[in-house]
Amino acid sequence: MAIHDLAARLRGLPPSLGPVRLIGVDGHAGSGKSTFARRLARALGGAPVVHLDDFASHERLFAWTGRLMTQVIEPLGRGESGYVTPYDWRARVFGDPRPVPAAPVVLIEGVGAGRRALRPHLARLLWMELPREESWARGRRRDGAEQREFWDGWVTAERAHFVTDPSRPHADLLVLQRPEGYEVLPGPAAGTGSTPDVTLGDGPSAMW
């Protein structure tokens, strides 16, 4: 299925958070979540994307649920705009607020987008299907030697997070990146009847 067809299906879902269809994109660090979310947002006509990297910090890699609820989830649930204060990972400070409108579809991407505190608010949870070691290797190459020490700590924290609060078992769809585009498959949650038992793939017409 082309990414535009996936976008159409997501738009057709019932709202899950006030007037919003909140779509989670989770996966290991380095698995391609941000790139996929950006392309999906474009296919959705410019849907807002909430990056969990804007909520995490060096001191709180995964302890950001409260801030996300206050700044994004609760306002969207009321049909109001939320906001993010993006974290600068080099300066180690949070920036000025940026609005998150209560659009028909809002994407939330990052490690932990499918955590149990968020799942009740999601219309669908997508998981980037790439093994963790391969994902982490991609992330390390992307960030270079300057971030080597950070990555060492991150890997430990991510392992611990997914042990206590796994996302993949609850994914409605699995997203695989292929040389010719993306392939979308039913996720583990599809066995519960929450999603159709279909195989979705990107054809040549969906190349970006």
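The values are calculated or read from the model by the stated rules, or taken from the named source; none is laboratory data. Everything numeric here is computed off the predicted structure, so don't read it as measured data. Every residue, glycine among them, receives a Cβ derived from its backbone with ideal geometry; neighbour counts consider all protein chains shown. Ligands, DNA and RNA are excluded from the accessible area calculation, which covers all protein heavy atoms including side chains. Shrake-Rupley method; radii C 1.70, N 1.55, O 1.52, S 1.80 Å.
Can you go through T85, T70 and tell me which one is out of contact with any Lys or Arg (no Cβ under 7 Å at 6 or more places or on another chain) and in contact (Cβ under 8 Å) with a residue 12 or more places away in the chain? It would help to see each step written out before you state the result.
Details: T70 fails: in contact (Cβ under 8 Å) with a residue 12 or more places away in the chain.
The unique qualifying residue is T85.
Which numbered condition in (1) in contact (Cβ under 8 Å) with a residue 60 or more places away in the chain; (2) within 16 Å of the chain's Cα centre (by Cα); (3) open to solvent by 10 Å² or more (accessible area, probe 1.4 Å) is the only one that H170 fails?
Condition (1) is where H170 drops out.
Tell me, yes or no, whether segment 53-61 has at least one residue that is among the aromatic types (F, W, Y), over 30 Å from P188 (Cβ atoms) and touching a strand residue (DSSP E or B) at 6+ places or on another chain (Cβ under 8 Å). Give the steps one after another, and end with the answer.
So the first thing to find is which residues in segment 53-61 are among the aromatic types (F, W, Y), and the list is 55.
From what is left, the residues that are over 30 Å from P188 (Cβ atoms) are none.
Checked segment 53-61: no residue is among the aromatic types (F, W, Y), over 30 Å from P188 (Cβ atoms) and touching a strand residue (DSSP E or B) at 6+ places or on another chain (Cβ under 8 Å).
Check whether at least one residue in segment 104-122 is touching an Asp or Glu at 6+ places or on another chain (Cβ under 8 Å), buried (at least 20 other Cβ atoms within 10 Å of the Cβ) and among the β-branched types (V, I, T), and report yes or no. Write out each step before concluding.
If we filter segment 104-122 for residues that are touching an Asp or Glu at 6+ places or on another chain (Cβ under 8 Å), which is where we start, we get 109-116.
Narrowing the set further to residues that are buried (at least 20 other Cβ atoms within 10 Å of the Cβ) leaves 109-115.
After this cut, where a residue has to be among the β-branched types (V, I, T) as well, the list is 111.
Among the residues of segment 104-122, at least one is touching an Asp or Glu at 6+ places or on another chain (Cβ under 8 Å), buried (at least 20 other Cβ atoms within 10 Å of the Cβ) and among the β-branched types (V, I, T), which makes the answer yes.
Is it the case that P14 is at pLDDT 95 or above and part of a loop (DSSP other than H, G, I, E, B)? Lay out the reasoning, then the answer.
Working: at pLDDT 95 or above: yes; part of a loop (DSSP other than H, G, I, E, B): yes.
Yes.
I want to confirm something. Restricting to segment 22-56 and keeping residues that are acidic (D, E) and either open to solvent by 10 Å² or more (accessible area, probe 1.4 Å) or in contact with a helix residue (DSSP H, G or I) (Cβ under 6 Å, 6 or more places away or on another chain) (or both), which single residue is modelled with the lowest pLDDT? Lay out the reasoning, then the answer.
We begin by selecting, within segment 22-56, every residue acidic (D, E); these are 26, 53-54.
Checking the rest, the ones that are also either open to solvent by 10 Å² or more (accessible area, probe 1.4 Å) or in contact with a helix residue (DSSP H, G or I) (Cβ under 6 Å, 6 or more places away or on another chain) (or both) come to 53-54.
On the way: D53: 94, D54: 97.
Result: D53.
Is there a residue in segment 8-21 that is open to solvent by 10 Å² or more (accessible area, probe 1.4 Å), at positive phi and free of Cβ contacts under 8 Å to residues at least 24 places away in the same chain?
Checked segment 8-21: no residue is open to solvent by 10 Å² or more (accessible area, probe 1.4 Å), at positive phi and free of Cβ contacts under 8 Å to residues at least 24 places away in the same chain.
Sort through L61, L107, L40 and tell me the only one that's among the aliphatic types (A, V, I, L, M), assigned to a strand (DSSP E or B), closer than 25 Å to V175 by Cα and touching a residue at least 40 places away in the same chain (Cβ under 8 Å).
Working: L61 fails: assigned to a strand (DSSP E or B); L40 fails: assigned to a strand (DSSP E or B).
Just one listed residue meets the conditions, L107.
Which of the residues belonging to segment 83-92 are open to solvent by 80 Å² or more (accessible area, probe 1.4 Å) and assigned to a strand (DSSP E or B)? Talk me through it step by step, then tell me what you get.
Quick first cut of segment 83-92, residues open to solvent by 80 Å² or more (accessible area, probe 1.4 Å) only: 83, 90, 92.
Answer for segment 83-92, where residues must be open to solvent by 80 Å² or more (accessible area, probe 1.4 Å) and assigned to a strand (DSSP E or B): just Y83.
Any idea how many residues of segment 64-81 are assigned to a loop (DSSP other than H, G, I, E, B) and open to solvent by 10 Å² or more (accessible area, probe 1.4 Å)?
Matching residues across segment 64-81 total 4.
Farther than 26 Å from Q71 by Cβ and either touching a Lys or Arg at 6+ places or on another chain (Cβ under 8 Å) or open to solvent by 40 Å² or more (accessible area, probe 1.4 Å) (or both): which single residue out of W127, W151 fits that description? Reasoning before the result, please.
Working: W127 fails: farther than 26 Å from Q71 by Cβ.
The unique qualifying residue is W151.
What tally of residues in segment 130-146 results from selecting those that are open to solvent by less than 20 Å² (accessible area, probe 1.4 Å) and either among the polar types (S, T, N, Q) or free of Cβ contacts under 8 Å to residues at least 24 places away in the same chain (or both)? Show your work before the answer.
If we filter segment 130-146 for residues that are open to solvent by less than 20 Å² (accessible area, probe 1.4 Å), which is where we start, we get 135-136, 139.
Adding the requirement that they be either among the polar types (S, T, N, Q) or free of Cβ contacts under 8 Å to residues at least 24 places away in the same chain (or both) leaves 135.
So the count comes out to 1.
So T156 ticks every box in (1) modelled with pLDDT under 90; (2) in a helix (DSSP H, G or I) but one. Which box is left unticked?
(1)
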